[in-house]
1. Only residues that are part of a helix (DSSP H, G or I), in contact with a Leu (Cβ under 9 Å, 6 or more places away or on another chain) and either touching a residue at least 24 places away in the same chain (Cβ under 8 Å) or of a type in the set (S, T, N, Q) (or both): list them for region 3-17, please.
2. Among the listed residues Ala101, Ala48, which satisfies the condition of being farther than 14 Å from Ala5 by Cβ and touching a residue at least 12 places away in the same chain (Cβ under 8 Å)?
3. Within region 90-101, is there a residue that is among the hydroxyl-bearing types (Ser, Thr, Tyr) and more than 13 Å from the chain's Cα centre (by Cα)?
4. Can you find a residue that is surrounded by 13 or more Cβ atoms within 10 Å (Cβ to Cβ) and of a type in the set (Asp, Glu) anywhere in region 64-78?
5. Going through region 27-56 one residue at a time, which ones are in a helix (DSSP H, G or I) and closer than 17 Å to Phe79 by Cβ?
6. Can you tell me which residues in region 57-102 are of a type in the set (Asp, Glu), in contact with a helix residue (DSSP H, G or I) (Cβ under 8 Å, 6 or more places away or on another chain) and not in a helix (DSSP H, G or I)?
7. When the residues of region 79-119 are filtered to those that are of a type in the set (Phe, Trp, Tyr) and either surrounded by 15 or more Cβ atoms within 10 Å (Cβ to Cβ) or in contact with a Ser or Thr (Cβ under 8 Å, 6 or more places away or on another chain) (or both), which remaining residue is farthest from Asp36 (Cα to Cα)?
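FYI, it's all coordinate maths here, none of it is from the lab. Bear in mind that the values here come from a model prediction, so they are computed numbers and not experimental data. When we count neighbours, we look across all protein chains shown, and the Cβ atoms used for this are built from the backbone with ideal geometry, even at glycine.
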Amino acid sequence: MKVTAVTWGSDMALLVNACKELGIELNVWSTHDVEDEEKRKECIKSFAQADIVLLHPSNEEYWDEIIGGLNKGVPTIPFGHDSSFWSLSNVSLEVVATVNAYHVYGGAENITNMLRYIG
């Protein structure tokens, strides 16, 4: 499985470690990385190779470009404290809610179990 994620820098280490443990190929971008136009373009290109996209979106203007670059055929799961972004998902609300619960509870075990759940 190949996962592309755009998330907060504080979430990256847990995601990287969980993917290594599970043998999942990960392409991860921090929300700070994608503020840069060149990195944002690379990130958007990486959506084409993803089996699943995980997003921790915000109201920053650059997110419009990221959202516009999503592949509608790839399962996209937004997570984070702002449930208004759940509408970006193309999977069931149950999946989005479950992924968000794993994220809210946090920690290495929950992030690993989150990836098992979506995999």
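1. The answer is Leu15, and nothing else.
2. Ala48
3. Just the residues of region 90-101 that are among the hydroxyl-bearing types (Ser, Thr, Tyr), to begin with: 92, 98.
Restricting the remaining residues to those that are more than 13 Å from the chain's Cα centre (by Cα) gives 92, 98.
Looking for residues that are among the hydroxyl-bearing types (Ser, Thr, Tyr) and more than 13 Å from the chain's Cα centre (by Cα), one finds at least one in region 90-101, hence yes.
4. For region 64-78, residues surrounded by 13 or more Cβ atoms within 10 Å (Cβ to Cβ) and of a type in the set (Asp, Glu): present.
5. Within region 27-56, the first condition is being in a helix (DSSP H, G or I), and the residues that meet it are 33-35, 37-49.
The answer is Val34, Cys43, Phe47.
6. If the condition is that a residue be of a type in the set (Asp, Glu), in contact with a helix residue (DSSP H, G or I) (Cβ under 8 Å, 6 or more places away or on another chain) and not in a helix (DSSP H, G or I), then Glu60 is the only one that fits.
7. Tyr117
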